[in-house]
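I have placed the structure first, in the form of structure tokens, so that the comments after it can refer back to it.
Bear in mind these aren't lab numbers, they're just calculated from the coordinates by the rules spelled out. Source: prediction; values computed, not measured. So basically every Cβ, Gly included, is an ideal-geometry build from the backbone, and we count neighbours across all protein chains shown.
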Amino acid sequence: MVVLGAGPAGLLLGNLLLAAGIDCVVLERAARLHVQTRARAGFLAPNTVRILDRHGLADGLHRDGRTHGTCEFRTADGRFRLDYGTLGRREQHTVYPQQNLVTDLLTRYLDAGGRIRFHTEALAVHDADGARPHVTTREPDGRPTRWDARYVAGCDGRHGAARRSLPPGALRHHHDLGVSWLGLLAEAPPSLDAVGYAVHDRGFAGHMARSPQVTRYYLECPRGASADAWSEERIWDELDLRMRAAEHGPLRRGPIIERGVVDLACDVVEPLRHGSLLLAGDAASLTAPAAAKGANLAVLEAEILAGALAEALTGGDDAALDRYSAQCLAYIWRAQEFTQWMTGLLHATPGQDRSGGSFFHASLRRARLDSLRTSRAHQDWFAENYVCLSYTSEYTSAAAPVPTVGRRKIKKKN
Ligand code: RFL
């Protein structure tokens, strides 16, 4: 079994396969240090925590993570807070930086004897529909190498080899949200005890805690803008303006330690299985960061895939693998739908500035925010979708049982 990519999806899958006694190797293009320090997600859904708990992989997040259940919207009409942890299903996020989760998963995988090759770039997956599936790689010294495998898990993100190797018939539903964000990490404590969403005529601004020392900020910026064009002073002044610091209190400034422009886009590959090649995580679908779904989907899909692979490889039963794609796509489309809604809530719709469109759409957005501020039913709906991936009876009843790390090992057959 070959797993491409050592992100949350690939490393959780590696741990679960190892626990099932399935021989696997993880191939990772980047260096170990890069993988362990890449700052991205931070808001883990309760279902993600439950999955990691189920497999004994949540010690780090219980030790160092913090639960979080409030968000604040700031608009020209004032501000309001939603204690989403007390609404809907009454569940909270756990704030735990993705690089810490990746480090935990990698450490456990290596401690359990897992094989991983860093600096090894997968070039392509071959013969996924045939009798001799294999992966070709470029080794650290530049040599091409071939890895034969019964199954290949494509967990190598949106630009990885798995996506490039899809057969011509595979569908890629791509949707450009038409908005770009300057994503920033500031070496500064959070300025609010809530996720902050500022809706402003100059564009969206966001505030999200990562740790007591580091905070993520976002600034909507024009498409094609360069991250380096923004001086630190300009960034903080713009954040102050859009977050309405003069009215609601100052932001705690600090050096900007990371910056990059993200063009908000969503896409979904369909189906997620092509013979021996199975996609999970960002390789399967990309969600814009507005609703913090990407890492959570990656963990959910890795667990479902691990169970299905264990049944196929140790029990000789492919039924769960056959269901894998449809099962995950149900969650993916729900996450996409909410992300789309959330993106619409936070931005003016680009390209609608002509013929009074901008006023019309700004007014719709205002009405939507007002409904969220005043309607308990709307708030419950928001909380449920914000914090959860939809729980369907399908997942709880029909998912293949998943081997548990640190518990009884399933005997390996092949
Ligand atoms: P990853 O984490 O991208 O890992 C893929 C790995 O594959 C390697 N790779 C290859 N290896 C071998 N051969 C090749 N040809 C390869 N090509 C690539 C890469 O080096 C990498 O190590 O994918 P995975 O595991 O699917 O995990 C997905 C998540 O990383 C992603 O969805 C989230 O970070 C999205 N996201 C968020 N998700 C949340 O659930 N909550 C959040 O709060 C949240 N915040 C964010 C985010 C993404 C962001 N970016 C990247 C736009 C904030 C930001 C700024």
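Mind putting a number on the dipole of the chain about its Cα centre? Charges go on the C-beta only, +1 for Lys and Arg and -1 for Asp and Glu, and I need it in Debye to the nearest 20.
Approximately 520 debye in magnitude.
Determine the distance separating the Cα centre of the stretch 190-231 from the Cα centre of the stretch 266-298; give it in Å without decimals.
25 Å
Can you tell me the relative contact order of the chain? Whole percent, Cα pairs under 8 Å, sequence separation 6 or more.
So the answer I get is 22 percent.
Using label points projected 7 Å from each Cα along Cα→Cβ, tell me how many nm separate residue 131 and residue 213, to one decimal.
Distance between label points: 5.8 nm.
Tell me the label-point distance for the pair residue 111, residue 30, using the 7 Å Cα-to-Cβ offset, in nm and rounded to one decimal.
2.3 nm
Calculated from DSSP H runs of 4 or more alone, at -39500 (n - 2.57) each and per residue, what is the 222 nm mean residue ellipticity of the chain, nearest 500?
Mean residue ellipticity at 222 nm (helix-derived): -11500 deg cm²/dmol.
Springs between alpha-carbon pairs under 10 angstrom, Gaussian network model over the chain: which of 374, 107, 137 fluctuates most?
Among 374, 107, 137, the largest mean-square fluctuation in the Gaussian network model of the chain belongs to 374.
For the chain, set up a Gaussian network in which alpha carbons nearer than 10 Å are linked by springs, and say which option among 249, 203, 65 fluctuates the most.
Between 249, 203, 65, it is 249 that shows the largest mean-square fluctuation.
Could you work out the local net charge near residue 50, counting Lys and Arg as +1, Asp and Glu as -1, over the other residues with Cβ closer than 11 Å to its Cβ?
Summing Lys and Arg as +1 and Asp and Glu as -1 gives -2.
Considering only 106, 123, 33, give the residue with the highest GNM mean-square fluctuation for the chain, with springs between Cα atoms whenever their separation is below 10 Å.
With Cα springs under 10 Å in the chain, the top fluctuation among 106, 123, 33 is at 33.
Report the Cα-based extents of the chain along its three principal axes, largest first, to the nearest Å.
Principal-axis extents of the chain (Cα, largest first): 65, 46, 45 Å.
If you scale each eigenvalue of the Cα gyration tensor by 5 and take the root, what three semi-axes come out for the stretch 179-256, rounded to whole angstrom and sorted largest first?
Sorted largest first and rounded, they come to 18, 14, 11 Å.
Give me the percent of DSSP beta bridges within the chain that run antiparallel, rounded to the nearest 5.
Roughly 75 percent of the beta bridges in the chain run antiparallel, per DSSP.
Tell me the Kirkwood hydrodynamic radius of the stretch 1-145 in angstroms, computed as one over the mean inverse distance between distinct C-alpha pairs.
Averaging 1/r across every pair of different Cα atoms and inverting gives 17.4 Å.
So what is the relative contact order for the stretch 84-148, in percent, with contacts set as C-alpha pairs under 8 Å and at least six apart?
The value is 18 percent.
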